[in-house]
1. In region 94-125, how many residues are at pLDDT 95 or above and either within 29 Å of residue 270 (Cβ to Cβ) or small (Gly, Ala, Ser) (or both)?
2. Considering only residues that are of a type in the set (D, E, K, R), within 9 Å of the ligand (Cβ to nearest atom) and closer than 16 Å to residue 108 by Cα, which ones fall in region 24-43?
3. If residue 63 satisfies all but one of (1) within 26 Å of residue 269 (Cα to Cα); (2) over 19 Å from the mean Cα position of the chain (by Cα); (3) not aliphatic (A, V, I, L, M), what's the number of the condition it fails?
4. Within region 1-22, how many residues turn out to be away from the ligand (no atom under 11 Å from the Cβ), touching a Lys or Arg at 6+ places or on another chain (Cβ under 9 Å) and at pLDDT 95 or above?
Amino acid sequence: MNTLNTDDPRIKQSYLFKKMSGDSVQCLTCRRMCVIQEGEIGKCKTRRNFEGKLYTLQYGDVSSYSLNPIEKKPAYHYFPGSTALTLGSWGCNFECDWCLNWDITKNPPPEKYTDASLMTPEKVAENASFNPSINGVCFSFNEPTLSLEFAVDVFQLVTNDYYKMIVTNGYMTGEALDYLISAGMTGMTVSFKGTENVVDCLLDMKLKYVWENLQMAYQRSIHIELVYLLIPTINDDEEFIRDFAQDVIKNLSVNTPVHFIRYFPSYLTRIEKTSISQLQKAHTIAKDEGLNFVYLGNIPGHPFQSTYCPNCSELLIKRNIFSVIFNSLTEKGRCPKCNQVIPIYPYKPVYLT
Ligand code: SF4
(Lines give C-alpha, C1' and ligand atoms only; values in the text may rest on other atoms or scores of the structure.)
Protein backbone atom coordinates (compact mmCIF):
# COMPACT_ATOMS: atom_id res chain seq x y z
CA MET A 1 0.00 0.00 0.00
CA ASN A 2 1.28 3.47 -0.88
CA THR A 3 1.46 5.58 2.27
CA LEU A 4 3.26 8.75 3.14
CA ASN A 5 3.91 9.71 6.74
CA THR A 6 2.95 13.35 6.63
CA ASP A 7 4.11 13.76 10.24
CA ASP A 8 7.68 13.16 9.05
CA PRO A 9 9.20 16.68 8.83
CA ARG A 10 11.50 15.56 6.02
CA ILE A 11 8.59 15.05 3.66
CA LYS A 12 7.70 18.15 1.71
CA GLN A 13 6.04 18.70 -1.63
CA SER A 14 8.60 19.12 -4.42
CA TYR A 15 8.95 22.60 -5.88
CA LEU A 16 9.37 21.39 -9.46
CA PHE A 17 7.16 18.73 -11.03
CA LYS A 18 4.28 18.47 -13.45
CA LYS A 19 1.27 16.21 -13.60
CA MET A 20 1.15 13.66 -16.37
CA SER A 21 -1.62 11.31 -17.44
CA GLY A 22 -3.49 9.53 -14.67
CA ASP A 23 -1.70 9.90 -11.34
CA SER A 24 1.82 9.91 -12.79
CA VAL A 25 4.08 12.97 -12.47
CA GLN A 26 7.28 14.19 -14.07
CA CYS A 27 10.03 15.46 -11.78
CA LEU A 28 11.61 18.66 -13.08
CA THR A 29 14.39 18.88 -10.51
CA CYS A 30 17.20 17.32 -12.51
CA ARG A 31 17.77 16.55 -16.16
CA ARG A 32 16.83 12.92 -15.67
CA MET A 33 13.27 14.26 -15.65
CA CYS A 34 11.92 10.97 -14.29
CA VAL A 35 8.31 10.12 -15.02
CA ILE A 36 7.15 8.57 -11.75
CA GLN A 37 4.04 6.45 -11.34
CA GLU A 38 1.80 6.76 -8.29
CA GLY A 39 3.51 5.13 -5.30
CA GLU A 40 6.91 4.93 -7.01
CA ILE A 41 10.17 6.78 -6.38
CA GLY A 42 12.51 8.52 -8.84
CA LYS A 43 15.90 7.31 -10.01
CA CYS A 44 17.68 9.11 -7.15
CA LYS A 45 15.39 7.45 -4.55
CA THR A 46 14.78 10.80 -2.83
CA ARG A 47 11.41 11.71 -4.39
CA ARG A 48 8.11 9.88 -4.31
CA ASN A 49 4.81 10.26 -6.12
CA PHE A 50 1.98 10.11 -3.60
CA GLU A 51 -1.54 10.46 -4.95
CA GLY A 52 -0.40 12.37 -8.02
CA LYS A 53 1.92 14.81 -6.26
CA LEU A 54 5.68 14.63 -5.92
CA TYR A 55 7.38 14.80 -2.51
CA THR A 56 11.00 15.09 -1.44
CA LEU A 57 11.76 12.55 1.28
CA GLN A 58 14.79 14.32 2.77
CA TYR A 59 13.98 17.95 3.49
CA GLY A 60 16.45 18.97 6.22
CA ASP A 61 17.80 15.43 6.61
CA VAL A 62 21.51 16.09 7.02
CA SER A 63 23.89 13.15 6.59
CA SER A 64 27.05 15.26 6.96
CA TYR A 65 27.72 18.60 8.58
CA SER A 66 31.07 20.30 9.13
CA LEU A 67 33.09 23.49 8.91
CA ASN A 68 35.43 23.27 5.93
CA PRO A 69 38.04 25.50 4.37
CA ILE A 70 36.76 26.73 1.01
CA GLU A 71 39.86 25.11 -0.52
CA LYS A 72 38.29 21.72 0.22
CA LYS A 73 35.39 22.26 -2.25
CA PRO A 74 37.72 23.01 -4.09
CA ALA A 75 37.26 26.72 -4.73
CA TYR A 76 40.59 28.56 -4.92
CA HIS A 77 39.41 31.89 -6.32
CA TYR A 78 36.57 32.41 -3.89
CA PHE A 79 37.58 34.10 -0.64
CA PRO A 80 40.76 32.01 -0.15
CA GLY A 81 41.30 30.88 3.41
CA SER A 82 37.64 31.35 4.34
CA THR A 83 35.42 28.81 6.10
CA ALA A 84 32.15 27.34 4.84
CA LEU A 85 29.51 25.70 6.96
CA THR A 86 29.02 22.63 4.78
CA LEU A 87 26.14 20.19 4.75
CA GLY A 88 24.93 17.29 2.67
CA SER A 89 22.08 14.82 2.59
CA TRP A 90 21.52 11.48 0.81
CA GLY A 91 21.52 10.08 -2.70
CA CYS A 92 22.71 11.06 -6.16
CA ASN A 93 21.31 11.27 -9.68
CA PHE A 94 24.57 9.93 -11.17
CA GLU A 95 25.79 6.35 -10.85
CA CYS A 96 29.58 6.68 -10.86
CA ASP A 97 31.39 3.48 -9.89
CA TRP A 98 34.27 5.55 -8.49
CA CYS A 99 32.29 7.71 -6.07
CA LEU A 100 34.34 8.91 -3.09
CA ASN A 101 31.24 9.58 -0.96
CA TRP A 102 29.44 6.35 -1.82
CA ASP A 103 28.34 5.73 1.77
CA ILE A 104 25.89 8.62 1.51
CA THR A 105 25.33 8.92 -2.25
CA LYS A 106 24.39 5.31 -2.85
CA ASN A 107 21.88 5.25 -0.01
CA PRO A 108 18.37 6.69 0.04
CA PRO A 109 17.27 8.76 3.04
CA PRO A 110 16.98 6.45 6.09
CA GLU A 111 13.49 5.34 7.01
CA LYS A 112 13.77 7.01 10.40
CA TYR A 113 15.42 10.30 11.21
CA THR A 114 17.02 11.39 14.46
CA ASP A 115 16.77 14.83 16.01
CA ALA A 116 20.53 15.11 15.56
CA SER A 117 20.29 14.66 11.79
CA LEU A 118 17.35 16.99 11.27
CA MET A 119 17.98 20.65 10.45
CA THR A 120 15.71 23.54 9.63
CA PRO A 121 16.70 26.53 7.48
CA GLU A 122 16.38 28.66 10.61
CA LYS A 123 18.83 26.41 12.45
CA VAL A 124 21.39 26.57 9.62
CA ALA A 125 21.13 30.38 9.48
CA GLU A 126 21.43 30.59 13.27
CA ASN A 127 24.48 28.32 13.32
CA ALA A 128 26.13 30.39 10.59
CA SER A 129 25.59 33.65 12.45
CA PHE A 130 26.57 32.17 15.81
CA ASN A 131 30.13 31.33 14.76
CA PRO A 132 32.20 34.35 13.63
CA SER A 133 34.68 32.12 11.78
CA ILE A 134 32.01 31.10 9.24
CA ASN A 135 32.03 33.06 5.96
CA GLY A 136 29.61 31.07 3.85
CA VAL A 137 27.21 28.15 3.54
CA CYS A 138 27.81 25.30 1.15
CA PHE A 139 25.79 22.25 0.07
CA SER A 140 28.14 19.41 -0.77
CA PHE A 141 29.00 15.73 -0.02
CA ASN A 142 26.04 14.25 -1.95
CA GLU A 143 24.37 15.90 -4.97
CA PRO A 144 22.83 19.20 -3.72
CA THR A 145 20.29 19.29 -6.56
CA LEU A 146 18.38 16.59 -4.69
CA SER A 147 18.12 18.96 -1.71
CA LEU A 148 16.72 21.72 -3.90
CA GLU A 149 13.84 22.69 -1.61
CA PHE A 150 16.01 22.82 1.52
CA ALA A 151 18.88 24.62 -0.23
CA VAL A 152 16.51 27.25 -1.67
CA ASP A 153 14.98 27.87 1.77
CA VAL A 154 18.41 28.07 3.42
CA PHE A 155 19.81 30.43 0.79
CA GLN A 156 16.81 32.71 1.15
CA LEU A 157 17.19 32.85 4.91
CA VAL A 158 20.95 33.23 5.28
CA THR A 159 21.87 36.90 4.89
CA ASN A 160 23.96 38.23 2.03
CA ASP A 161 26.89 38.70 4.42
CA TYR A 162 27.66 35.06 3.58
CA TYR A 163 28.50 33.40 0.29
CA LYS A 164 26.17 30.56 -0.65
CA MET A 165 27.46 27.82 -2.87
CA ILE A 166 27.01 24.23 -4.00
CA VAL A 167 29.37 21.49 -5.10
CA THR A 168 27.48 19.74 -7.86
CA ASN A 169 27.58 17.63 -11.01
CA GLY A 170 25.65 20.47 -12.68
CA TYR A 171 22.84 18.23 -13.90
CA MET A 172 19.89 20.16 -12.48
CA THR A 173 17.22 21.51 -14.82
CA GLY A 174 17.52 25.14 -15.90
CA GLU A 175 14.45 25.82 -13.78
CA ALA A 176 16.13 24.37 -10.67
CA LEU A 177 19.28 26.38 -11.32
CA ASP A 178 17.21 29.53 -11.75
CA TYR A 179 15.50 28.75 -8.43
CA LEU A 180 18.86 28.44 -6.64
CA ILE A 181 20.27 31.63 -8.17
CA SER A 182 17.10 33.58 -7.43
CA ALA A 183 17.28 32.33 -3.83
CA GLY A 184 20.73 33.88 -3.47
CA MET A 185 23.24 31.25 -4.55
CA THR A 186 26.56 32.92 -5.36
CA GLY A 187 28.99 30.14 -6.30
CA MET A 188 29.27 26.67 -7.82
CA THR A 189 32.03 24.10 -7.97
CA VAL A 190 31.04 21.74 -10.77
CA SER A 191 32.47 18.25 -10.99
CA PHE A 192 33.14 16.85 -14.47
CA LYS A 193 33.40 13.12 -15.09
CA GLY A 194 35.06 13.58 -18.47
CA THR A 195 33.89 14.62 -21.91
CA GLU A 196 30.88 13.19 -23.82
CA ASN A 197 32.67 9.86 -24.23
CA VAL A 198 32.38 9.20 -20.51
CA VAL A 199 29.34 11.15 -19.46
CA ASP A 200 26.99 10.29 -22.33
CA CYS A 201 28.12 6.68 -22.86
CA LEU A 202 29.14 5.46 -19.42
CA LEU A 203 26.77 7.44 -17.23
CA ASP A 204 23.83 7.75 -19.61
CA MET A 205 23.68 11.52 -19.26
CA LYS A 206 23.93 14.43 -21.70
CA LEU A 207 26.92 16.61 -21.01
CA LYS A 208 25.50 19.43 -23.11
CA TYR A 209 23.00 20.16 -20.32
CA VAL A 210 25.84 20.75 -17.86
CA TRP A 211 27.41 23.25 -20.26
CA GLU A 212 24.03 24.95 -20.75
CA ASN A 213 23.71 25.35 -16.99
CA LEU A 214 27.23 26.65 -16.67
CA GLN A 215 26.61 29.25 -19.35
CA MET A 216 23.46 30.38 -17.57
CA ALA A 217 25.26 30.61 -14.23
CA TYR A 218 28.19 32.45 -15.81
CA GLN A 219 25.90 34.98 -17.47
CA ARG A 220 24.29 35.61 -14.10
CA SER A 221 27.67 36.29 -12.45
CA ILE A 222 27.80 33.12 -10.38
CA HIS A 223 31.36 32.24 -9.39
CA ILE A 224 32.32 28.96 -11.09
CA GLU A 225 35.19 26.53 -10.57
CA LEU A 226 35.50 23.20 -12.36
CA VAL A 227 36.78 19.88 -11.07
CA TYR A 228 37.97 17.00 -13.24
CA LEU A 229 38.69 13.76 -11.35
CA LEU A 230 41.37 12.22 -13.59
CA ILE A 231 40.87 8.44 -13.72
CA PRO A 232 43.33 6.29 -15.68
CA THR A 233 41.73 4.55 -18.71
CA ILE A 234 38.35 6.23 -18.02
CA ASN A 235 38.90 9.92 -18.80
CA ASP A 236 42.66 10.56 -18.98
CA ASP A 237 42.98 10.46 -22.78
CA GLU A 238 44.93 13.51 -23.98
CA GLU A 239 42.24 14.36 -26.52
CA PHE A 240 39.55 14.35 -23.80
CA ILE A 241 41.57 16.81 -21.75
CA ARG A 242 42.25 19.04 -24.75
CA ASP A 243 38.54 19.02 -25.67
CA PHE A 244 37.59 19.78 -22.08
CA ALA A 245 39.97 22.75 -21.87
CA GLN A 246 38.65 24.10 -25.19
CA ASP A 247 35.06 23.70 -23.96
CA VAL A 248 35.86 25.66 -20.80
CA ILE A 249 37.23 28.53 -22.88
CA LYS A 250 34.38 28.37 -25.40
CA ASN A 251 31.58 28.24 -22.80
CA LEU A 252 33.11 30.18 -19.91
CA SER A 253 36.48 31.94 -19.76
CA VAL A 254 40.25 31.50 -19.87
CA ASN A 255 40.13 32.65 -16.25
CA THR A 256 37.80 29.88 -15.01
CA PRO A 257 39.77 27.88 -12.43
CA VAL A 258 40.12 24.20 -13.36
CA HIS A 259 41.19 21.53 -10.86
CA PHE A 260 42.51 18.15 -11.99
CA ILE A 261 42.12 15.86 -9.00
CA ARG A 262 44.06 12.70 -8.31
CA TYR A 263 41.87 9.62 -8.21
CA PHE A 264 42.36 6.80 -5.68
CA PRO A 265 40.44 3.50 -5.91
CA SER A 266 37.01 3.88 -4.34
CA TYR A 267 33.61 2.18 -4.21
CA LEU A 268 33.50 -0.35 -7.12
CA THR A 269 36.51 0.89 -9.08
CA ARG A 270 39.87 -0.81 -8.56
CA ILE A 271 41.86 0.94 -11.29
CA GLU A 272 45.34 1.94 -10.11
CA LYS A 273 45.54 5.49 -8.69
CA THR A 274 46.40 8.34 -11.07
CA SER A 275 50.14 8.91 -11.39
CA ILE A 276 51.51 12.35 -10.69
CA SER A 277 53.00 12.46 -14.20
CA GLN A 278 49.51 11.92 -15.71
CA LEU A 279 48.19 14.84 -13.67
CA GLN A 280 51.09 17.04 -14.68
CA LYS A 281 50.46 16.15 -18.31
CA ALA A 282 46.82 17.21 -17.94
CA HIS A 283 48.04 20.46 -16.39
CA THR A 284 50.38 21.11 -19.33
CA ILE A 285 47.66 20.38 -21.91
CA ALA A 286 45.12 22.67 -20.24
CA LYS A 287 47.67 25.49 -19.94
CA ASP A 288 48.76 25.02 -23.56
CA GLU A 289 45.14 25.36 -24.62
CA GLY A 290 45.05 28.76 -22.95
CA LEU A 291 43.58 28.32 -19.47
CA ASN A 292 45.17 30.73 -16.99
CA PHE A 293 44.46 28.95 -13.72
CA VAL A 294 44.95 25.18 -13.66
CA TYR A 295 45.42 23.33 -10.38
CA LEU A 296 46.26 19.81 -9.25
CA GLY A 297 44.49 18.36 -6.20
CA ASN A 298 44.97 15.40 -3.86
CA ILE A 299 48.77 15.72 -4.07
CA PRO A 300 49.97 17.28 -0.80
CA GLY A 301 52.88 19.65 -1.24
CA HIS A 302 52.61 19.90 -5.04
CA PRO A 303 53.44 23.40 -6.40
CA PHE A 304 50.38 23.35 -8.68
CA GLN A 305 48.11 23.74 -5.65
CA SER A 306 49.25 27.35 -5.61
CA THR A 307 48.22 30.35 -7.69
CA TYR A 308 50.71 32.01 -10.04
CA CYS A 309 50.33 35.24 -12.00
CA PRO A 310 49.41 34.33 -15.61
CA ASN A 311 51.40 37.36 -16.79
CA CYS A 312 54.73 37.16 -14.91
CA SER A 313 54.51 33.75 -13.12
CA GLU A 314 54.91 35.30 -9.66
CA LEU A 315 53.73 33.03 -6.83
CA LEU A 316 50.62 34.79 -5.49
CA ILE A 317 48.84 32.37 -3.16
CA LYS A 318 50.75 29.46 -1.67
CA ARG A 319 48.63 26.51 -0.54
CA ASN A 320 49.22 23.14 0.98
CA ILE A 321 46.38 20.61 1.05
CA PHE A 322 43.48 22.82 2.24
CA SER A 323 45.50 25.62 3.85
CA VAL A 324 46.53 29.00 2.53
CA ILE A 325 50.16 29.54 3.59
CA PHE A 326 50.40 33.07 2.26
CA ASN A 327 48.52 35.43 -0.04
CA SER A 328 50.50 38.26 -1.63
CA LEU A 329 47.71 39.80 -3.76
CA THR A 330 47.47 43.55 -3.32
CA GLU A 331 44.41 45.10 -1.70
CA LYS A 332 43.10 45.77 -5.19
CA GLY A 333 43.51 42.12 -6.15
CA ARG A 334 46.57 42.63 -8.35
CA CYS A 335 49.88 40.86 -8.75
CA PRO A 336 52.40 42.74 -6.52
CA LYS A 337 55.13 42.32 -9.16
CA CYS A 338 53.51 43.23 -12.51
CA ASN A 339 50.18 44.76 -11.39
CA GLN A 340 48.12 42.25 -13.39
CA VAL A 341 44.48 42.04 -12.19
CA ILE A 342 43.89 38.57 -10.72
CA PRO A 343 40.22 37.44 -10.70
CA ILE A 344 40.05 36.20 -7.12
CA TYR A 345 37.44 37.26 -4.57
CA PRO A 346 39.49 38.99 -1.86
CA TYR A 347 39.70 37.62 1.66
CA LYS A 348 42.41 37.46 4.29
CA PRO A 349 41.82 34.96 7.09
CA VAL A 350 42.67 36.18 10.59
CA TYR A 351 45.77 33.98 10.78
CA LEU A 352 47.30 35.79 7.76
CA THR A 353 46.64 39.33 8.94
S1 SF4 B 1 15.77 14.58 -8.91
FE2 SF4 B 1 16.35 13.73 -10.90
S3 SF4 B 1 16.72 11.53 -10.51
FE4 SF4 B 1 15.56 12.34 -8.75
S5 SF4 B 1 13.40 11.94 -9.22
FE6 SF4 B 1 13.86 14.02 -9.94
S7 SF4 B 1 14.45 13.79 -12.09
FE8 SF4 B 1 14.58 11.74 -11.14
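The values are calculated or read from the model by the stated rules, or taken from the named source; none is laboratory data. If you're wondering where the values come from, they're calculated on a predicted model, not measured in any experiment. Cβ: placed from backbone, ideal geometry, glycine included. Neighbour counts: every protein chain shown.
1. Final tally of qualifying residues: 1.
2. Hit for region 24-43 is 43, nothing else.
3. With (1) within 26 Å of residue 269 (Cα to Cα); (2) over 19 Å from the mean Cα position of the chain (by Cα); (3) not aliphatic (A, V, I, L, M) applied to residue 63, the lone miss is (2).
4. Count: 3.
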